[in-house]
Amino acid sequence: MKRREFIINSALALGGAALLTGCGKKEIKKSEKQVVKRKFGSLEIPLIALGCMRLPMRDGKIDMVELDKMVEYAMEHGANYFDTAYMYVEGKSENAIGEILKKYPRESFFLADKSPAYLVNEPGDVRKLFNEQLKKCQVDYFDNYMVHNINENTIKNYRDNDMYGELLKLKKEGKIKHVGFSFHGDPDMLREVISEHKWDFCQLQINYLDWEVINAKELYEIADEAEVPVIVMEPLRGGGLCNLPEKAANKLKEDCPDDTQASFGLRWVTSKKRVFTILSGMSNFQQLKENVDTFTNFREFTEEEEKTAKAVTQIMQSQGAINCTACKYCMEVCPRGINIPAIFGLYNVYKSNGNGFMFGVNYNALKESERADKCINCHLCSKNCPQGLDIPALLKKVEKTVKEAANKK
């Protein structure tokens with residue numbers, strides 16, 4: 001084991017931040033190549049940011065050695081914006097990123113977090129949860145803080161408990177620099193929410209597939225018209241846009257040989273000028289390096305590339321993949337513990353490569369209790385799905401497809 005890994009792992013095993021952090025703050029060795037930035041008020045924010053929803057894992061736990069390496073590389077290249085949330089990585093994301101970032105001067109990075117609206121039952125819960133999050137992240141303020149995941153299930157909590165007003169109090173106390181919200185509702189709801197208060201920013205799901213397939217275009221235009229700055233989440237649709245079906249991948253490679261699937265998807269988002277940063281859930285160092293390199297050697301997205309994006313979208317639509325981003329919100333409410341994102345992911349891979357044998361093998365590798373046939377059709381998952389998917393119906397579709405694939409010779 002390398003000395004650096006030994007020190008970090010020892011610190012974690014002992015539960016001691018001091019061993020990981022050291023007596024002073026870590027010196028940031030600035031690379032000559034820095035990621036491009038965009039204006040956000042008086043600030044300059046890196047156009048690519050590390051979303052802490054899909055952190056590196058090892059043996060079922062967050063791999064702190066890998067995460068430390070990722071953060072160090074990001075900081076050296078100016079990608080110093082980090083986004084976490086209360087429930088990310090089963091509630092462990094805030095602790096993990098806080099433990100790593102504590103080594104750096106507080107003014108050297110931007111940290112965003114979110115108030116879990118589904119847990120707010122009275123106004124006082126906002127401050128209570130906020131203070132818990134500050135402690136987990138080991139900071140005394142958040143640069144950006146938002147009402148998390150406003151949708152048809154959480155909008156009542158958000159309004160009845162005056163979550164905006166509670167966050168505004170924290171902003172006046174200097175504990176929040178900018179107040180915003182993340183959104184997973186329909187356009188009419190966004191129009192209402194965005195006009196109710198003076199928001200500093202909003203966070204929307206935007207990518208070139210959703211731009212055509214669902215309502216991402218309309219959502220962006222609502223924010224743009226209201227002149228509310230936009231943070232983008234799911235720019236690669238939970239990894240789906242960097243694991244394209246063969247025909248779509250070949251089209252992209254033919255038209256844009258200098259791009260990877262990931263760089264193409266990320267660069268497409270930059271064509272939306274109201275966007276000031278893009279969150280990418282990078283789960284290993286190689287992914288982070290590739291994404292950071294995309295923005296240190298940045299190229300503007302062109303009209304010809306826009307035609308390619310539309311062509312790739314049409315190919316994907318024609319192959320019938322399920323529009324799941326693997327956010328796992330459905331699993332938070334499923335009473336049977338069905339592994340819905342994994343099931344849909346396996347189905348999408350099968351639809352792209354046609355390998356029924358491996359589809360069956362991988363599906364049957366799931367725990368029996370987590371498979372599609374355990375669905376009781378309660379529809380709690382659908383109500384919690386940001387994509388508005390009829391999950392029970394799709395689970396039945398997958399179950400039927402598994403059986404059909406198994407019968408193919």
Options Pro46, Pro105, Pro56: the member that is of a type outside the set (Ser, Thr, Tyr), modelled with pLDDT of 95 or more and more than 20 Å from the chain's Cα centre (by Cα): Pro105
Checking the conditions here, which among Ser115, Ser195 is of a type in the set (Gly, Ala, Ser) and assigned to a helix (DSSP H, G or I)? Ser195
Condition first: among the hydroxyl-bearing types (Ser, Thr, Tyr) and surrounded by fewer than 15 Cβ atoms within 10 Å (Cβ to Cβ). Can you find one or more residues in region 192-199 that meet it? yes
Within region 327-383, of all residues that are outside any helix (DSSP H, G or I) and among the aliphatic types (A, V, I, L, M), the one nearest to the chain's Cα centre (by Cα) is Ile338
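Consider Ile231 carefully, then state whether it is out of contact with any Asp or Glu (no Cβ under 6 Å at 6 or more places or on another chain) and either buried (at least 23 other Cβ atoms within 10 Å of the Cβ) or small (Gly, Ala, Ser) (or both).
For Ile231, the condition - out of contact with any Asp or Glu (no Cβ under 6 Å at 6 or more places or on another chain) and either buried (at least 23 other Cβ atoms within 10 Å of the Cβ) or small (Gly, Ala, Ser) (or both) - is met.
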Restricting region 118-127 to residues that are surrounded by 13 or more Cβ atoms within 10 Å (Cβ to Cβ) and in a helix (DSSP H, G or I), which is modelled with the lowest pLDDT? Tyr118
Within region 297-339, which residues are buried (at least 18 other Cβ atoms within 10 Å of the Cβ), touching a residue at least 40 places away in the same chain (Cβ under 8 Å) and not aliphatic (A, V, I, L, M)? Glu305, Thr308, Thr313, Asn323, Cys324, Thr325, Cys327, Tyr329, Cys330, Cys334
When you scan region 143-150, do you find a residue that is more than 28 Å from Gln387 (Cβ to Cβ), of a type in the set (S, T, N, Q) and in the same structural domain as Val232 (by TED's automatic domain parsing), even just one? no
For region 45-85, what are the residues that are hydroxyl-bearing (Ser, Thr, Tyr), touching a residue at least 60 places away in the same chain (Cβ under 8 Å) and buried (at least 20 other Cβ atoms within 10 Å of the Cβ)? Tyr81
Counting only residues in region 390-409 that are surrounded by fewer than 18 Cβ atoms within 10 Å (Cβ to Cβ) and among the aliphatic types (A, V, I, L, M), the one modelled with the lowest pLDDT is identified as Ala406
Residues of region 278-298 being farther than 14 Å from Gln34 by Cα and in a loop (DSSP other than H, G, I, E, B), which ones? Gly281, Met282, Ser283, Asn284
Tell me whether region 313-322 contains one or more residues that are in a helix (DSSP H, G or I) and modelled with pLDDT of 95 or more. no
Is region 282-300 home to any residue that is of a type outside the set (S, T, N, Q) and over 20 Å from Asn80 (Cα atoms)? yes
How many residues, within region 340-365, are of a type in the set (Val, Ile, Thr) and buried (at least 22 other Cβ atoms within 10 Å of the Cβ)? 2
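The values are calculated or read from the model by the stated rules, or taken from the named source; none is laboratory data. Nothing here was measured: the structure is a model prediction, and the numbers come from that model. Note that we place each Cβ from the backbone using ideal geometry, even for glycine, and neighbour counts take in every protein chain shown.
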